[in-house]
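Before any comments, here is the structure.
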Amino acid sequence: MTVVSGHSMEPSYHTGDLIVARCGTPKVGDIVIYQPPGLDARALVIHRIASETPDGHWVMKGDNNSYDDPWQLTNSDIVGIAQLQIPAVGSMLRAPLVWTSLLLVAAALLIWPTRKLARGRRSANAPGDAEPSVELVHH
């Protein structure tokens, strides 16, 4: 998942849009998320594959840019192919209240199965059944 920052992909994507990407085989015309060679591994760019060079490299370009990106990429530079756009959600994800709410929901989901399993163990012995007993043997 990547949150769009900037205007280079307008009108396709806008700042704050959340983009879900998946692995796959990219082709010309796909919008991809890539890691520019030689930059920090946390630096990601989301642009469209404009063309392929004769030696098999990808030429990238933002939809709103009049120029190609300075890098020619290989498939190993591509992190994922854009599959789903959720408009403006990325902006909401930056709000502390939203993160707190998401953490509370995640914690509840982690705790809930534990409580459910405990009920399942109690109900494994039907009412009126004797508890399993342990016999001690002395030698």
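The values are calculated or read from the model by the stated rules, or taken from the named source; none is laboratory data. Bear in mind that the values here come from a model prediction, so they are computed numbers and not experimental data. Neighbour counts run over all protein chains shown; Cβ positions are idealised from the backbone, glycine included.
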Q: Please list, ordered by first then second residue, the pairs with beta carbon atoms under 7 Å, 6 or more apart or interchain, first in region 12-30 and assigned by TED's automatic domain parsing to the domain that holds Ile81 and surrounded by 14 or more Cβ atoms within 10 Å (Cβ to Cβ), second of a type in the set (S, T, N, Q) and in a loop (DSSP other than H, G, I, E, B).
A: Thr15/Ser5
Q) Among the residues of region 42-53, is any of a type outside the set (Phe, Trp, Tyr), in contact (Cβ under 8 Å) with a residue 60 or more places away in the chain and out of contact with any His (no Cβ under 9 Å at 6 or more places or on another chain)? A) no
**Q.** Test: residue in region 58-77 that is modelled with pLDDT under 75 and closer than 30 Å to Pro26 by Cα
**A.** no
Q.
Show me the strands (runs of 3 or more DSSP E) entirely contained within region 1-72 in which 3 or more residues are within 18 Å of the chain's Cα centre (by Cα).
A. 18-22, 31-34, 45-52
